[in-house]
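Peer 1: I am attaching a structure below and will ask some questions about it afterwards.
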Amino acid sequence: MRVDDRAYDELRPLIITRHFTRYAPGSVLIETGNTKVICTASVEESVPPHIKNTGEGWITAEYSLLPSSTPVRAPRESTRGKVGGRTHEIQRLIGRSLRSIVDLSLLKERTIWIDCDVIQADGGTRTAAITGSYVALMDAIQWLRNKDMIKENPVLNSIAAVSAGIVNGVVLLDLCYAEDAAAQVDMNIVMTGDGKFIELQGTGEEYTFDDEQLTEMLKVAKKGIREIIEIQKKALGIV
């Protein structure tokens, strides 16, 4: 029995609230179980030097675990002078995941900044950040179109992410922190709405896993992502 009485292939309750803050063109609060992340999308009329004068835009991300989001206060990384390895990895994951579904040439030479601030952490913060950021991105794109700053929708597909893992020899979907801490294998899966993989991150924690277990983790993850995509569509008013 799971700590929250879910079935092995059951998602935590997922709530997506759009227009959560006032100023960002895209702003979402995503709640997955007890994990809560604010995802905002802001537009900047410039691009990084490596793509300047190419005619293409850029999407990049910042991720932050706020001090009171965990049982023991997590110091702000800005006070330590540099971003930690875990944070840097998650930021790059969010950015490249979103870029994979966007025709950057249609953005022109502007940057969409995705900011993901974890206000409460109970496992799955990076996957929740990706799932929420897609909705925030869609609202920012609509904002650009409403202002005639772009003519076409550059978003080519939807995107969502979820965790899966093996705990006590059993494959589970959407691990909470207690399950993640006890996991023998932990995976994060990012997929498009039409079932294509964008990223697979899987690690055995002093444990190995075989083809059959990997197949089962991917199977439950695909099921979960299909359900998440439907929740995203409902939040965005897409029939």
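Every number in this text was worked out from the coordinates using simple rules, so none of it is lab data. The structure displayed is predicted, hence computed values, not measured ones. Cβ placement follows ideal geometry from the backbone for every residue including glycine, while neighbour counts extend to all protein chains displayed.
Peer 1: Checking a compactness column here: for region 164-209, what do you get for Rg(Cα) / (2.2 N^0.38 Å), N being the number of residues?
Peer 2: For region 164-209, the normalised Cα radius of gyration is 1.20.
Peer 1: Right, another one. Grab the DSSP H runs of the chain that are 4 residues or longer, score each as -39,500 (n - 2.57), total them, divide by all residues and round the 222 nm result to the nearest 500 deg cm²/dmol.
Peer 2: -9500 deg cm²/dmol
Peer 1: What length, rounded to one decimal in nm, is gained on full extension from residue 148 through to residue 7, with 0.36 nm per residue of separation minus their alpha-carbon distance?
Peer 2: 46.1 nm
Peer 1: Counting other beta carbons within 10 Å of each Cβ, put 113, 58 in order, fewest first.
Peer 2: 113, 58
Peer 1: What's the angle, to the nearest 10 degrees (0 to 90), between helix 125-146's Cα axis and the longest principal axis of the chain?
Peer 2: For 125-146 against the chain, the angle is about 20 degrees.
Peer 1: Trypsin sites (Lys or Arg not before Pro), restricted to region 98-191: which are DSSP loop and have at most 12 other Cβ atoms within 10 Å?
Peer 2: 147, 151
Peer 1: Stokes-Einstein D for region 62-131 at 25 °C, 0.890 mPa s, Kirkwood Rh over Cα pairs, in µm²/s?
Peer 2: In µm²/s, the coefficient is 183.
Peer 1: Right, here's the next one. Express in whole angstrom the spacing between the alpha-carbon centres of region 87-106 and region 167-227.
Peer 2: Centre-to-centre (Cα) distance: 21 Å.
Peer 1: With no solvent and one equal point scatterer placed on each C-alpha of region 114-193, evaluate the Debye formula and give log10 I(q)/I(0) for q = 0.22 Å⁻¹, two decimals.
Peer 2: Values, matching the q order: -0.98.
Peer 1: May I ask for the Rg/Rh ratio of the chain, computed from Cα atoms with Rh as the Kirkwood radius, given to two decimals?
Peer 2: Rg divided by Rh gives 0.97.
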